[in-house]
Amino acid sequence: MKDSLKTGIQYTHTFVVPQSKTVPALYPEATEFIAMPEVFATGFLVGFLEWACIKAIHPYLDWPFEQTVGTHINVSHQAATPIGLEVTAHVELIAIDGRKLTFNVEAHDGIDLISTGTHERFIINREKFEAKLATKRNQTT
């Protein structure tokens, strides 16, 4: 992590909602999901907010050796967004505690505020992280 990683970093990210990011596409194996309306799925909204946080801090990490993983998310999903609308995420890094980063996050679809909350990410060393995963995989065989 570079010395320039400081609280107050902000980032705005936009994305047009395609059919592939709607509720029926979330788990195509689940008939319950397939029967639901084609609106931006909460699961994909969470990923979109994570994406914005990753992009916000990317210039401040020793990429690709340092990366971040999501460790906690606490967000609302308060309005439905149909296919074709552009969603905008605005994120701000509000706390740094060692390698733990905390962000305020919100998203808007051009008509409604669709999400607010917080998200935590943890800075990892990619090589060490992969080694731990390999150990875990080997424990299941």
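Where a number appears in this text, it was derived from the coordinates with a stated rule and is not lab data. Since we're looking at a predicted model, the values are computed, not measured. Cβ coordinates were reconstructed from backbone atoms using ideal geometry, including for glycine residues, and neighbour counts include every protein chain displayed.
Annotations
- Calculated [θ] (222 nm, deg cm²/dmol) that DSSP helices of n ≥ 4 give over the chain, each run adding -39,500 (n - 2.57): -8000 deg cm²/dmol
- The range 79-120-the range 25-66 distance, computed between alpha-carbon centres (Å): 11 Å
- Choice from A25, A131, A89 showing the highest fluctuation, given a GNM over the chain with Cα pairs closer than 10 Å: A131
- The number of Lys pairs in the range 10-139 with C-alpha atoms less than 21 Å apart, excluding pairs fewer than 8 positions apart on the same chain, is 5.
- Signed unit charges on C-beta, dipole axis of the chain, positive-most listed residue T7, L61, L133: L133
- Sparse-neighbourhood loop sites, trypsin sites (Lys or Arg not before Pro) in the range 47-141 - DSSP loop, at most 14 other Cβ within 10 angstrom: R99
- Amide H within-cut-off set for L85, under 5 Å, with H built and near neighbours excluded: V17
- Between Q19 and H90, the simple spin-label model (points 7 angstrom out along Cα→Cβ) gives 3.3 nm.
- Residues whose placed amide H lies under 5 Å from that of Y27, excluding near-sequence neighbours: none
- Gaussian network model of the chain, springs between alpha carbon atoms under 10 Å - residue of T31, T12, T68 with greatest fluctuation: T31
- Within the range 1-47, the trypsin sites (Lys or Arg not before Pro) that combine a DSSP coil assignment with at most 12 other C-beta atoms in a 10 angstrom radius are K2, K6.
- Only one item in [x] 59, 27, 19; [y] 45, 43, 21; [z] 54, 28, 22 matches Cα extents along the principal axes in Å derived from the coordinates shown, and that item is [y].
- Computed over neighbours whose Cβ is under 12 Å from that of E127, the net charge equals 0, Lys and Arg +1, Asp and Glu -1.
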